[in-house]
Amino acid sequence: MVRHYRFLSGLALCAGLLMSTQAHAIDPSGTAVAVVQATNASGPGGSRMLGDAQPVFGGDRIATGSIGQAQILFKDNTRLVVGSNSSVVIDRFVLTDTGSKAGATMRFARGAFRFIGSGGDGNTGYNLQTPTATIGIRSTEFDIAVSPRGTAVLVFDGAVQVCNRVSGKCATIDRSCGAVIAENNGALHLPESGGETAQLINTSFPLAGNQSGLRRDFRVRTTGCRGADGTDRNDKPKLQKTFRAPAPEPEPEPHCGYSQKKGYRSEASFQAASFSAKGEKSAKAEKKSEKKAKKQTRKKSKKGKKGRKGGKRG
């Protein structure tokens with residue numbers, strides 16, 4: 001009888017431990033605070049249509065339809081936006097008893113996403129993966145776009161290291177509106193101009209292009225990340241200043257022996273040089289005529305003197 005009682009009590013204890021372990025295993029990692037249908041979740045919490053204020057668990061796969069969207073707030077205050085036609089697996093999310101993070105892994109399969117860190121260096125334990133990239137972060141704000149070309153990352157604040165999983169090449173983006181693409185062929189491509197970045201934003205980052213559907217705590221400061229529509233990414237019109245370059249001065253045509261090589265930059269300066277040359281010639285001619293007139297005057301005066309002397313002698 002005593003043995004039977006011990007067996008029952010041991011069985012009850014094991015059952016209690018098992019239930020406790022299961023309850024701890026399905027402890028939610030966060031909450032979906034704003035959801036646009038259709039958004040589905042499947043994992044430890046079962047297959048379900050995700051809605052507002054519903055829990056999200058470690059191990060859940062979240063997938064959205066053509067107009068679906070999910071804004072998720074995790075226990076450590078990290079925020080994640082899952083855009084339309086997107087899929088992500090919150091593979092592992094572990095918190096210690098004190099609430100600090102021991103580890104978190106997310107695998108982005110396809111689509112558009114926004115990640116907003118919790119502050120400080122708390123997000124260094126996050127491991128973010130896509131089919132072509134591994135993303136290492138500090139407390140930061142950035143968008144991810146996973147497409148057939150590869151993985152594009154657009155940084156708004158903080159620093160992000162993106163490594164191509166094919167080639168192992170890495171790049172660190174630590175400036176606002178900085179972008180990088182980890183391509184399927186192993187290359188890391190950084191946009192070379194603002195125009196290329198703007199085109200990338202318009203084609204690959206819908207969450208940066210329009211934040212009106214997001215809660216304020218899921219929006220980011222995107223001033224300076226402009227699209228081809230001529231607006232800031234904070235949806236305020238941006239004034240464009242246009243400057244008209246002055247028309248270049250015409251080069252002087254060769255004239256009177258003066259060529260362009262002599263450094264005459266304008267027609268006015270060329271004419272001034274011509275007039276000065278003419279002045280010099282006329283001055284020389286005048287001097288020459290004056291000398292000639294003086295010479296003739298001297299000759300006449302000499303002849304007059306000789307005539308007067310001959311008259312006296314006769």
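How many residues does segment 41-70 contain that are of a type in the set (Ser, Thr, Tyr), within 34 Å of the chain's Cα centre (by Cα), farther than 15 Å from residue 81 by Cβ and surrounded by 13 or more Cβ atoms within 10 Å (Cβ to Cβ)? Reasoning before the result, please.
Initial filter on segment 41-70 (of a type in the set (Ser, Thr, Tyr)): 42, 47, 64, 66.
Among the residues that remain, those that are also within 34 Å of the chain's Cα centre (by Cα) are: 64, 66.
Checking the rest, the ones that are also farther than 15 Å from residue 81 by Cβ come to 66.
Filter again for surrounded by 13 or more Cβ atoms within 10 Å (Cβ to Cβ), leaving none.
The total comes to 0.
Run residue 175 past the list (1) more than 17 Å from residue 223 (Cβ to Cβ); (2) among the charged types (D, E, K, R); (3) surrounded by fewer than 17 Cβ atoms within 10 Å (Cβ to Cβ) and report the number of the one that doesn't hold.
It fails just one condition, (1).
Name the residues in segment 87-128 that are modelled with pLDDT of 70 or more and of a type in the set (Lys, Arg), would you?
Scanning segment 87-128 gives 92, 107, 110, 114.
Wholly within segment 134-186, which strands (runs of 3 or more DSSP E) include no fewer than the required count, namely at least 2 residues that are of a type in the set (A, V, I, L, M) and closer than 14 Å to residue 115 by Cβ?
Working: elements: 141-147, 150-157, 160-164, 170-173, 178-183.
By residue number, 141-147, 150-157, 160-164.
The values are calculated or read from the model by the stated rules, or taken from the named source; none is laboratory data. Source: prediction; values computed, not measured. Methodologically, a virtual Cβ is constructed for each residue, glycine included, from the backbone with ideal geometry; neighbour enumeration extends over all protein chains shown.
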